[in-house]
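Chemist: My questions all concern the structure below.
The numbers here are math on the coordinates, done by the rules we state, and not lab data. The model shown is predicted, which means the values in this text are computed figures rather than measured ones.
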Amino acid sequence: MLLKDKTVIVTGGNSGIGEAIVLAAAAAGANIVIDYVAHPEETSSLIARVKAAGGKAVGLEVDVSSVGGLQALVEKAVEAFGGLDVLGSPAGPGRLNAHRVVSDLHYRQSAR
């Protein structure tokens, strides 16, 4: 299982394609971080489904259309699971900034 014990962020993970990615990654043993800007109850329900299936997931209310929002999501992954392995960004606005956040994270880690 390639994703077993890996930490995965899925922007837009509480509905549509993002939700399908969350469920597939969780089934493969990944730790999941989900963002939302609306409908926290849907995110809570999805997290409960992941946990009921034996997975781990956390949610964060954050706007991924900004670099700061994506950085907060990465920080949540580090806080909850100790790091980040995969950033899946099917949510439209998040795709625009994902490369900036990953580049910055990589730079900060390599500068240590």
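Chemist: So what are the ³J(HN,Hα) numbers for segment 32-37, from phi and the Karplus equation (6.51, -1.76, 1.60; θ = phi - 60°), rounded to whole Hz, Gly and Pro as x?
Modeler: 10, 10, 10, 9, 7, 10
Chemist: Whose amide H sits under 5 Å from the amide H of Asn31, counting only residues 5 or more places off or on another chain, with H placed in the peptide plane?
Modeler: Asp5, Lys6, Thr7, Val8
Chemist: Whole-Hz Karplus ³J(HN,Hα) for segment 78-84, in order, using 6.51 cos²θ - 1.76 cosθ + 1.60 and θ = phi - 60°, x for Gly and Pro?
Modeler: Once rounded to whole Hz, the list reads 5, 5, 7, 10, x, x, 9.
Chemist: Classify segment 7-89 as rounded, prolate or oblate, taking a ≥ b ≥ c as the square roots of the eigenvalues of its Cα gyration tensor: rounded when a/c is under 1.5, otherwise prolate if a/b is larger than b/c and oblate if not. Kindly include the intermediate steps, with their values, before the conclusion.
Modeler: Working: a/c = 1.62, a/b = 1.20, b/c = 1.35.
Note, shape of segment 7-89 comes out oblate.
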